[in-house]
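**Q** Submitted below is the structure of interest, expressed as structure tokens.
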Amino acid sequence: VVQWRLIYNPGAAFGLGSAIGPLGRWVFLAVAVVAIVLLARMSREADVTDHLRQYALGFIAGGAAGNLIDRIISSRGVVDFIDVGLGGWRWTTFNVADIAVSCGAVALALSLWREDAARRASPAG
């Protein structure tokens, strides 16, 4: 089910966007830096009691930072090593940073949905 397989991914999470070519490293590096800055800003502007939002932003920023470090260290790309599947069916090889970004994105969507639902339910909403 789970195999360890070393792959250098020049693209985005889960191997997406690897067709950008040789400039991909710099594009994804810049995108990660901008994303981390924006996520930090979102965290500062968010309600500190919204723990789900704060954790979500932290997970996304942490995953982005992890992949950013890989891009800085190696021109070959991000180190992916988790290969999950059953028999001949395999999911795209990924890493822990990809898991953090994905889980953080789901948690952020849930936090935003809860905020919107609370706003709609409030009498002033």
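The values are calculated or read from the model by the stated rules, or taken from the named source; none is laboratory data. The structure presented is a predicted model; accordingly, all values stated were derived computationally and were not measured. Note: ideal-geometry Cβ built from the backbone for every residue, glycine included; neighbour counts use all protein chains shown. Note: areas computed on protein heavy atoms with side chains; ligands, DNA, RNA excluded. Shrake-Rupley method; radii C 1.70, N 1.55, O 1.52, S 1.80 Å.
**Q** Roughly what angle does helix 96-121 make with the longest principal axis of the chain, taking Cα atoms, 0 to 90 degrees, to the nearest 10?
**A** The answer is roughly 20 degrees.
**Q** Just the accessible area per residue of the stretch 1-110, please: how many Å² with a 1.4 Å probe?
**A** Working: 6580 Å² over 110 residues.
That works out to 60 Å² per residue.
**Q** Using only the alpha-carbon atoms, how far is helix 51-73 inclined from the longest principal axis of the chain? Give it as 0 to 90 degrees, nearest 10.
**A** Orientation of helix 51-73: about 20 degrees from the principal axis.
**Q** Which whole-number percent of Cα pairs in the chain have a distance greater than 26 Å? Let's see the in-between values first.
**A** Working: 2522 of 7750 pairs.
That tail contains 33 percent of the Cα-Cα pairs.
**Q** What does the C-alpha gyration tensor say about the overall shape of the stretch 70-125? Classify as rounded when a/c is under 1.5, otherwise prolate if a/b is larger than b/c, or oblate. Intermediate results must be reported in sequence, preceding the final value.
**A** Values: a/c = 6.35, a/b = 2.17, b/c = 2.93.
In terms of gyration-tensor shape, oblate.
**Q** Roughly what would the spin-label model give for Leu112 and Tyr55, points 7 Å off Cα along C-beta, in nm?
**A** 1.9 nm
**Q** Under a Cβ-Cβ cut-off of 13 Å, what is the net charge of the residues other than Trp91 that fall near it, where Lys and Arg count +1 and Asp and Glu count -1? Walk me through the intermediate numbers first.
**A** On the way: positive: Arg5, Arg90; negative: Asp80, Asp83, Asp98.
Counting the neighbours of Trp91, the net charge comes to -1.
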